[in-house]
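What follows is a short report on a single structure.
The values are calculated or read from the model by the stated rules, or taken from the named source; none is laboratory data. The structure displayed is predicted, hence computed values, not measured ones. Note: ideal-geometry Cβ built from the backbone for every residue, glycine included; neighbour counts use all protein chains shown.
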């Protein structure tokens, strides 16, 4: 009886070891499969440098004026672009900075919502970095500069010569008050 139990345990241990090795190999093999899946579907393509800027796709034959706008709704913040416009070739990467200041005596959470003019710009605008991707928390009287990196794709209709990128900050719940009730 003891022998049969030892044999059963040894058999189970062998099966578990084989199962563990197969699962490890399966997990290891999923990495290239996942990368290929992401490449095919376009998921997570921001990490691939060839997707970010393709020099041969820059349309140097035309210019687009890009205007920047900044607004707040119900926030005691001062929000502005550090440059109000730029002129770019479609396909050329653009870096701009925005500046925001919390003019209140309390910490505030905010979220920027982008809007575009004309609305069709959204199809041709690819952002690589933007403060609008995440919630922003500013301490009392804090000033922060925030980058936006994007490219306007060369497929932008040729009759569009001026476009506007606008951000509006809204307050989010969860700001911690700097003034404590006693």
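Only one of 161, 141 is assigned by TED's automatic domain parsing to the domain that holds residue 81, at positive phi and at pLDDT 90 or above; which?
On inspection, the qualifying residue turns out to be 141.
Given the condition modelled with pLDDT under 85 and surrounded by 10 or more Cβ atoms within 10 Å (Cβ to Cβ), answer yes or no: does some residue in the range 7-21 qualify?
The answer is no; no qualifying residue exists.
Can you name the residue in the range 78-95 that is outside any strand (DSSP E or B) and in contact (Cβ under 8 Å) with a residue 24 or more places away in the chain and is also surrounded by the fewest Cβ atoms within 10 Å (Cβ to Cβ) among such residues?
82
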